[in-house]
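> I'd like to ask some things about the structure below.
The values are calculated or read from the model by the stated rules, or taken from the named source; none is laboratory data. Remember, predicted model here, so these are calculated numbers, not experimental data. Heads up, the Cβs are rebuilt from the backbone with ideal geometry, glycines too, and the neighbour counts pull from every protein chain shown.
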Amino acid sequence: MTDIEALASGKGHTDENFPVGSALIAARHRPVVLAFYRVARLSDDVADHPTLSSAEKLARLGAVEASLTGRAETVPAATALRRALAARGITEAHMLDLLEAFRRDAVKTRYADWDELMDYCRYSAAPVGRFMLDVHGEARSTWAASDALCAALQVINHLQDCGKDYRDLDRVYIPLDALAGAGLDVRSLGEARAGPALRGVIAGLAGRTADLLCVAAPLEAGVKDLRLALEIGVIHTLAASLNGRLETRDPLSERVHHGKLETAGLALSAVAASLGGRLGSRRNRGAGA
């Protein structure tokens, strides 16, 4: 086991809030998707490690990049990803962008406003969607909607975990201007319960996230690969459900995350709706022919 691998949290792709390489994705695509995930998970664990200094985190993330780009082979997961990407003719740029986000996590703990948070999401979230689209050979015209969906997922995760991130990492993704506008500072995130003012801030950010989900809505119909479209439909449905909860629940004291049965039920309904929508579109096109 390498020095970096010893820092792994043990969290796997089935532990994430949203599907990663699920059975909806074609089997031929899952190995490269999971190889991408393993490097992202390992890098995230480095950036979030509670005892490493910022300099130590940056050094280890540099080692991941060196193995990803072929300048070294000290991180087996990154070397394996480089080879998997090369075999598929897919660029390393998406993981390199993601590594930029992890570098920011290693040194940055506050975000001034929504625009600054969206710039972070450009590196922390958008590359994942773009990578998935590249794996499936989708057009770059789908990137804008995908970026919006991925940013929404990222903000939902931030809002769900806002108390834990503050307590464990002293990291605050809620924009400081939103807190200040409600007469609050980051210490409010350390309370056992969110007061009315903080609840209003979280609900307001969930409202902005709902706007991102609206921008992302055409993505499912815009991709050609049916199985990827179904996966997108499931993710969008789960995101909309969680975001709705954030508009009414207190993430400091109430459960926001879906349980396994809730996730399964929402996923099945999303798949049924997606298949029904595609079948209806075909019938309409046939009727108009």
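> Testing VAL32 on (1) β-branched (Val, Ile, Thr); (2) modelled with pLDDT of 95 or more; (3) over 16 Å from VAL135 (Cα atoms), one condition comes back false. Which one is that?
Of everything listed in (1) β-branched (Val, Ile, Thr); (2) modelled with pLDDT of 95 or more; (3) over 16 Å from VAL135 (Cα atoms), VAL32 misses just condition (3).
> Which of the residues spanning the stretch 145-198 are touching a residue at least 12 places away in the same chain (Cβ under 8 Å) and either among the basic types (Lys, Arg) or not assigned by TED's automatic domain parsing to the domain that holds LEU246 (or both)?
ARG167, ARG171, ARG193
> Cβ contacts < 7 Å: first residue not in a helix (DSSP H, G or I), restricted to the stretch 82-108; second residue not acidic (Asp, Glu), any location; separation 6+ or different chain. Result?
ILE90/VAL135; GLU92/LEU68; GLU92/THR69; GLU92/ARG82; GLU92/LEU85
Matching residues to (1) closer than 22 Å to HIS29 by Cα; (2) surrounded by 19 or more Cβ atoms within 10 Å (Cβ to Cβ); (3) touching a helix residue (DSSP H, G or I) at 6+ places or on another chain (Cβ under 7 Å):
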site: THR74; (1), (2), (3): no, no, yes
site: THR79; (1), (2), (3): yes, no, yes
site: ARG83; (1), (2), (3): yes, no, no
site: ASP115; (1), (2), (3): no, no, no
site: ALA125; (1), (2), (3): yes, yes, yes
site: PHE131; (1), (2), (3): yes, yes, yes
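> Please note which helices (runs of 4 or more DSSP H) are completely contained in the stretch 157-273 and include at least 3 residues that are under 22 Å from the mean Cα position of the chain (by Cα) and of a type outside the set (D, E, K, R).
The helices (runs of 4 or more DSSP H) meeting that bar are 162-169, 196-216, 219-222, 226-246.
> Also: Being β-branched (Val, Ile, Thr) and over 18 Å from THR237 (Cα atoms), is that true of even one residue in the stretch 181-199?
Within the stretch 181-199, one or more residues are β-branched (Val, Ile, Thr) and over 18 Å from THR237 (Cα atoms).
> So, in the stretch 109-137, how many residues would count as being in a helix (DSSP H, G or I) and among the polar types (S, T, N, Q)?
So the answer is 1.
> Quick one: is ARG82 assigned by TED's automatic domain parsing to the domain that holds ASP211 and either in contact with a Leu (Cβ under 6 Å, 6 or more places away or on another chain) or among the basic types (Lys, Arg) (or both)?
Judged against the criteria, ARG82 is not a match.
> Go over the candidates LEU61, LEU98, LEU34 one by one and state the one that is touching a helix residue (DSSP H, G or I) at 6+ places or on another chain (Cβ under 6 Å) and closer than 24 Å to HIS136 by Cα.
Sole residue among the options that is touching a helix residue (DSSP H, G or I) at 6+ places or on another chain (Cβ under 6 Å) and closer than 24 Å to HIS136 by Cα: LEU98.
> Considering (1) surrounded by fewer than 21 Cβ atoms within 10 Å (Cβ to Cβ); (2) modelled with pLDDT under 95, say which one SER274 fails and leave the rest.
Result: SER274 fails condition (1) only.
> So which residues in the stretch 157-202 are in contact with a Ser or Thr (Cβ under 6 Å, 6 or more places away or on another chain) and surrounded by 19 or more Cβ atoms within 10 Å (Cβ to Cβ), if there are any at all?
Passing the criteria: ARG171, LEU198.
> Now, a different point. For residues that are assigned to a loop (DSSP other than H, G, I, E, B) and farther than 20 Å from LEU34 by Cα, tally how many sit in the stretch 138-156.
Result for the stretch 138-156: 1.
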